[in-house]
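*Asks:* One structure, pasted below without further comment.
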Amino acid sequence: MLSNPFSAPRARHGRAPDVFRHGAWVSMREHRETDEVDFAIVGTGAGGGTLAALLAEQGFSVVAFDAGPYFRPLEDFASDESEQNKLYWTDRRVVDGANPIQMGGKNSGKAVGGSTVHYAMVSLRFRPEHFSARTSLGYGADWPISWQEMWHYYDLAEKQINISGPLTYPWGPKRPRYPYRAHELNGAGKLLAKGCEAIGINWTETPLATLSAPLSGPEGKSPPCAYRGFCRFGCTTNAKRSALTVWIPRALAAGAEIRDLAMVGRIETGPSGRATGVHYHREGEWHFQRAKNVVVAGYAIETPRLLLNSADQRYPDGLANSSGLVGKNLMTQSNQAVWGRMDEPVRWYKGPPSLAITEHWNYDDNKDFHGGYIWLGQGPLPNEWASIQTGARGLWGQKLRDAMLDYNYMIGVKMVGEMLPNEANRVTLSDDLDQYGLKVAKITYAWGDNDKALIAHALEQMGRSIEAIGAKGIFLQEDDTNHLGGTARMGSDRRTSVVDADCRSWDIPNLWICDGSVFPTVGGVNPALTTQTIALRTADRIGQLAAAGEL
Amino acid sequence: MATTRERLKASFLLGFRGEAPVARGGYETAPIPSKTEIVTAARRLNRAAGTIAASVLVDSAMEHYRGDFRNKAMWTPIVTSALSIGVSVHGHVDGRHGAHPLRDTVYVAAGLTGLVGTAFHIYNVTKKVGGFSWQNLFYSAPIGAPAAISLSGLMGFLGERVRDNKPGTRPMVAGLPAGRVVAALTGASLLGTTAEAGLLHFRGAFHNPAMLLPVTMPPAAAALLVYAAVGPAGVARPASRGWLAATAAMGIAGVALHAYGVSRNMGGWRNWRQNLFAGPPLPAPPSFTGLALAGLAALALLVDDKDD
Amino acid sequence: MTKPRYPGYDVLAKRNTPSWDEATRKVVDKRLATPDRPRFLTRDEWSVAAAFCERILPQREDAAPVPLAALLDAKLLADHGDGFRDADMPYMREAWRRGLAAIEAEAKTRHGGRSFASLSDEDQDRLIGAMADGGLGGEHWGDLDPQKFFKRRVLVDVPGLFYSHPSAWNEIGFGGPASPRGYVRLDGDHRDAWEAAEATPGHEKKAERDNRHVV
């Protein structure tokens, strides 16, 4: 009865799926390929989805492309880990280097809404000093935007996404009250709190982009979280505030067009050197959409890949690459964990996995390495838990099966840690081709000494915290990373950055990049809120530039 | 204005026996209430006590089921509120004068249960990680909830005291005019219950404008009752009566609104086994109805029973 | 054989309750109906895979078996992997083809021409242990690193198949699918009526009784 979201595009014929109602549609304005639209946006996640809504609301004509399908969460998402693999970007890629990054659920998404469709909803602000890491803290690179300005846009982002968070956040400068109250802690969250108290550091409820009460917004009606625990495999409740449920409906209502199952393979530039539109693959053939501006928002792998794949005679090293930095300074975040067994059941599969947090080590500078980290409560479902047993402990056979029996007694805390930018960590093009015949990304990564020192520190602190509350058989998960950043960094100097503070490329004034790849540093917190915040600011700036006739 | 304030202050200080010029002037010849009127007022309070007890019975049964009855003491409010309903029904059908020892015993027990329950709930909060944090105030054993059974006991107890007055006398409670005592205590109780609703609706971020009703209507009702408690007696106060009647109706409408709230949760009523507990509590709002009924009883006493 | 931790718990009993939605029913039904015959693998590859997977996750006599070879075959047929490859590794399908062939060749070389499937559990485990510890390599493997094949492919793919099966969820007391119904009681030592009850010492009978009503 249900259509297959992969077999044919859903957003067409003047309508797009209504994600809030079974089988329903919302109307969608469509543009002809020969129309020169104001903005062609490549990617509909935290960067592109947000920008599509905000630009359309300013009256610009917008077409946003996504290589992935347009899911209906109420109908297409199963409560099943392996089935929901369909949310990830699992097209071909090559990973390399001393510490190759494992691609998949933690760092990619291929769907309208991007990886926010399956993110853990952790919505944190960077520490103010993160924005001037070079000047204030002596490492990495400075952002070309002040923290005060970011704070202003964070306020807007938290309000519009409707974050549920604690009444007072223990770290950093004052912020307004979160729109919704924090969620009830599950067993794993309470144990994180106990562990923090046992070693004398602060904790709080994690600000999460999932509703703790019903919401009747302009985009639709959402029920509150049902604590089903499958957040990272797509929220069937629609309590999750993803780009798919927040920004895309707003974009459609404001007249933007979404093209799903539309893989952009190349950006075309004209004789003037400006971008003229995008070539995209949809329904078995290549098309070209004309555009006055092109925004690339494909995240830290696909964004540089598209820029590099768009090389032409005028730009033989790829677009926006006069600095030579496109693809370079790739950063992931350290995602190590400690796990142990409690005497009482924990049943961590209930509720969002990361209900409690400590950000203590982001704000403590008495460390002999650069950067900071947080740690969060955990609730891996059986598949992921098995992969941790095999990956971290090398278990197989009867030992693996026996260890899995303790599933309901396990606890763990997992860090999100800052890794430093390094030009040798980068995205290049491989000779492998994907299903569209495009060169795939080759991702090279090695941890630096500072990264290793930070990880060692975090593992020790996390270990202390769960040991202090009586966890037994503690083991470390030493090899894991998650979010990405870098590869098209923003800056105030065209020689050392790819885009300026407005996410506008230095080389091609009508080519913009708006996603996690513009991050000069990744900070020690989950990046999704910051990506959306950057998009909010970019939208404002585009409006101002347009008004001043500077687009 | 200044004189009014001074007069009100004086009435408080003198235990409601202050020289109230208005009352003294205009209503000296008002009739002393008949036996029937005393019993009527007492029965009203029995109904108020029963309504609150019914709310407590269902609410504590549901919440303690959610808490798995892991402590045997969690049965206490269920037993006590059931008994309170029983004696309230008994009081409602009882047309006789004079307090009833069994009713009195149950009402006193209910009052104490609430106090002990509050202590239990406070203990429950303190032993949770985070202690007196918003997290625990929102999601642990609700500190304000056990007080509801105390209020049932209190209203019933007041009813018994009113009923205990000799026929043909002015009804007094503890040496004070009954109408004023009931009005003052009901006003205070409404404020307490408002605090509880306010906390939980704040937890729900007042996501629906209707959630503001129980934090605005009852405090206004409380103010009217306090004004009645210290103001002139023998006045009809139709506006106050109307407001209290509306507050009583709000308590019933609250059940309907909470039912809608349940339907707003994932799976709606079809998923009732989760949503009856995850959604807003259906039995909670009628506490306001019970208190509003007590307030109406107080106003009736004040009209009937000129106290000077 | 140890007694089950969650006696009588069957996550499939919740199939027609609000814990399962239509999409989930479809997915799990399809998984349970996976044809038990090779569709991507050859017959020979299948027989190696079946024996091999059985050692990665040995079946229990008292639990419904998880047909790992069939599930692996289906995964390869659909080419539903993580997509990426290590620079010195082939993509998933090719890695499995070459890995299974090399395992079979190793067995034959070491055990006088006997196939992997015909070896004793101990011999199979010894061979797998050598692969896990980096003790294999050479002519049968070509440029495929056996240890990397084991860590990056085998230990990524096979446990994921096993713990996607309801029988495995029963064994570890996982709540299983949960939509539209989630959970009310979020504490770990506090189960909702539709969660698995554990047979703690002295309470085995009660757990069994509770698990009959997990709906």
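*Asks:* What nm value, rounded to one decimal, do you get for the distance between residue A:545 and residue A:423 when each label is placed 7 Å out toward the C-beta?
*Replies:* 2.6
*Asks:* Let me spell out the model: positive unit charges on the Cβ of Lys and Arg, negative unit charges on the Cβ of Asp and Glu, origin at the Cα centre of chain C. What dipole size does that give, in debye rounded to 20?
*Replies:* So the magnitude is around 560 debye.
*Asks:* Now a separate question. Please calculate the 1.4 Å probe accessible area of residue A:272, with all protein chains present, and give it to the nearest 10 Å².
*Replies:* For residue A:272, solvent-accessible area is about 80 Å².
*Asks:* Where is the GNM fluctuation largest for chain B (alpha-carbon springs, 10 angstrom cutoff): B:98, B:153, B:67?
*Replies:* B:67
*Asks:* Shifting gears a bit: Measure nothing but the geometry: give the 0 to 90° angle between the long axis through the Cα atoms of B:35-66 and the longest principal axis through the Cα atoms of chain B, rounded to 10°.
*Replies:* 10
*Asks:* Return an integer: the convex hull volume of the alpha-carbon atoms of the protein assembly as shown, in Å³ per residue.
*Replies:* Each residue corresponds to 185 Å³ of Cα convex hull volume.
*Asks:* While we're here: Can you give the relative contact order of chain A as a percent, counting alpha carbon pairs under 8 Å and 6+ residues apart?
*Replies:* Relative contact order of chain A: 22 percent.
*Asks:* For residue C:211, what charge total do you get from the other residues with a beta carbon under 10 Å from its beta carbon, if Lys and Arg give +1 and Asp and Glu give -1?
*Replies:* Taking every Cβ under 10 Å from that of residue C:211, the sum is -2.
*Asks:* Can you give me the angle between helix B:101-127 and the longest principal axis of chain B, using Cα atoms only, in degrees from 0 to 90, rounded to the nearest 10?
*Replies:* 40
*Asks:* Report, in whole Å, the centroid distance computed from the Cα atoms of segment A:280-354 and segment C:173-213.
*Replies:* 40
*Asks:* Between residue A:433 and residue A:343, what FRET efficiency comes out of the Förster formula 1/(1 + (r/R0)^6) with R0 = 45 Å and r the beta carbon distance, rounded to 0.05?
*Replies:* With R0 = 45 Å, the Cβ-Cβ based efficiency is 0.25.
*Asks:* In percent, what relative contact order does chain B have, based on Cα pairs under 8 Å that are 6 or more apart in sequence?
*Replies:* Relative contact order here is 27 percent.
*Asks:* What residue among C:27, C:158, C:11 has the largest mean-square fluctuation in a Gaussian network model of chain C, using Cα springs under 10 Å?
*Replies:* C:27
*Asks:* So, one more: Could you check the spin-label model distance between residue A:155 and residue C:22? Points 7 Å from the Cα along Cα→Cβ, value in nm.
*Replies:* Distance between the two pseudo-spin positions: 4.6 nm.
*Asks:* Right, something else. Taking Cα atoms, how many degrees apart are the long axis of helix A:449-467 and the longest axis of chain A, rounded to 10 and kept between 0 and 90?
*Replies:* Between helix and principal axis, roughly 40 degrees.
*Asks:* So what's the gap between the Cα centers of segment A:478-532 and segment B:180-247, to the nearest angstrom?
*Replies:* 55
*Asks:* Restricting the count to DSSP beta bridges whose residues both fall in the protein assembly as shown, what percent are antiparallel, rounded to a multiple of 5?
*Replies:* Numbers: 54 of 78 bridges.
Restricted to the protein assembly as shown, the bridges split so that about 70 percent are antiparallel.
*Asks:* A further question on this structure: Could you work out, residue by residue across A:175-184, how many beta carbons of other chains sit within 10 Å of that residue's beta carbon, and then give the average as an integer?
*Replies:* 4
*Asks:* Provide a whole-number value for the mean count of partner chain Cβ atoms within 10 Å of the Cβ atoms in peptide B:158-171.
*Replies:* Mean shielding count: 0.
*Asks:* A further question follows. Quick check: with the 1.4 Å probe, what order do A:268, C:22, A:359 take by accessible area, largest first?
*Replies:* Ranked list, largest accessible area first: C:22, A:268, A:359.
*Asks:* Separate question: Quote the FRET efficiency, to the nearest 0.05, computed for residue C:79 versus residue A:393 with a Förster distance R0 of 35 Å and r equal to the Cβ-Cβ distance.
*Replies:* That pair, residue C:79 with residue A:393, gives E of 0.75.
*Asks:* Next question. Which one, A:218, A:34, A:324, is farthest towards the positive end of the dipole of the protein assembly as shown when Lys and Arg carry +1 and Asp and Glu -1 on their Cβ?
*Replies:* Toward the positive end, the furthest listed residue is A:218.
*Asks:* Check each of the GluC sites (Glu not before Pro) in segment C:26-85 and keep only those in coil by DSSP with at most 11 other C-beta atoms within 10 angstrom; list them in order.
*Replies:* Here the GluC sites (Glu not before Pro) that fit, given the DSSP loop and packing criteria, are C:61.
*Asks:* Further, regarding this structure: I'd like the accessible area for residue C:30: 1.4 Å probe, protein heavy atoms, all chains in place, Å² to the nearest 10.
*Replies:* Estimated to the nearest 10 Å², residue C:30 gives 150 Å².
*Asks:* Another question, then. Taking the Cα centre of the protein assembly as shown as origin and charging only Cβ (+1 Lys, Arg; -1 Asp, Glu), how large is the dipole, in debye to the nearest 20?
*Replies:* Approximately 3320 debye in magnitude.
*Asks:* Quick check on packing: order A:461-472, C:204-215 by the mean number of other C-beta atoms within 10 Å, highest mean leading. Present the calculation step by step, with values, prior to reporting the outcome.
*Replies:* On the way: A:461-472: 19.4, C:204-215: 16.0.
The packing order, highest mean first, is A:461-472, C:204-215.
*Asks:* Out of A:265, A:531, A:22, whose Cα points farthest toward the positive end of the dipole of segment A:15-547 (charges: +1 Lys, Arg; -1 Asp, Glu; placed on Cβ)?
*Replies:* With unit charges placed on the Cβ atoms, the residue in question is A:22.
*Asks:* Still on this structure, I have one more. Give the ranking of A:225, A:503 by solvent-accessible surface, highest area first, calculated with a 1.4 Å probe.
*Replies:* Values: A:225 20, A:503 0 Å².
Largest accessible area first, the list is A:225, A:503.
*Asks:* Do the sum for chain A: with -39,500 (n - 2.57) for every DSSP H run of n ≥ 4, divided by all residues, what is the mean residue ellipticity at 222 nm, to the nearest 500 deg cm²/dmol? Don't skip to the answer; put the middle values down first.
*Replies:* On the way: 11 runs with 121 residues, N = 551.
Roughly -6500 deg cm²/dmol at 222 nm, from the helical runs in chain A.
*Asks:* Let me ask you something else. Quick one: if you stick a label point 7 Å off each Cα along the C-beta vector at residue A:317 and residue B:272, how many nm between them?
*Replies:* A separation of 7.0 nm, rounded to one decimal place.
*Asks:* So, with +1 on the Cβ of K and R and -1 on the Cβ of D and E, and no other charges, what is the size of the charge dipole of chain A about its Cα centre, to the nearest 20 debye?
*Replies:* Using only the charged Cβ atoms, the result is roughly 760 debye.
*Asks:* Determine the distance separating the Cα centre of segment A:216-260 from the Cα centre of segment A:55-129; give it in Å without decimals.
*Replies:* Segment A:216-260 and segment A:55-129 have Cα centres separated by 13 Å.
*Asks:* I've got another one for you. If r is the Cβ-Cβ distance from residue A:167 to residue A:139 and R0 is 30 Å, what FRET efficiency results, to the nearest 0.05?
*Replies:* Calculated value: 0.35.
The values are calculated or read from the model by the stated rules, or taken from the named source; none is laboratory data. Predicted model, so just to flag it, every value in this text is computed and none were measured. Ideal geometry is used to build each Cβ from the backbone, glycine not excepted, and the neighbour counts take in all protein chains shown. The area values use the complete protein model at the heavy-atom level, side chains included, leaving out ligands, DNA and RNA. Shrake-Rupley method; radii C 1.70, N 1.55, O 1.52, S 1.80 Å.
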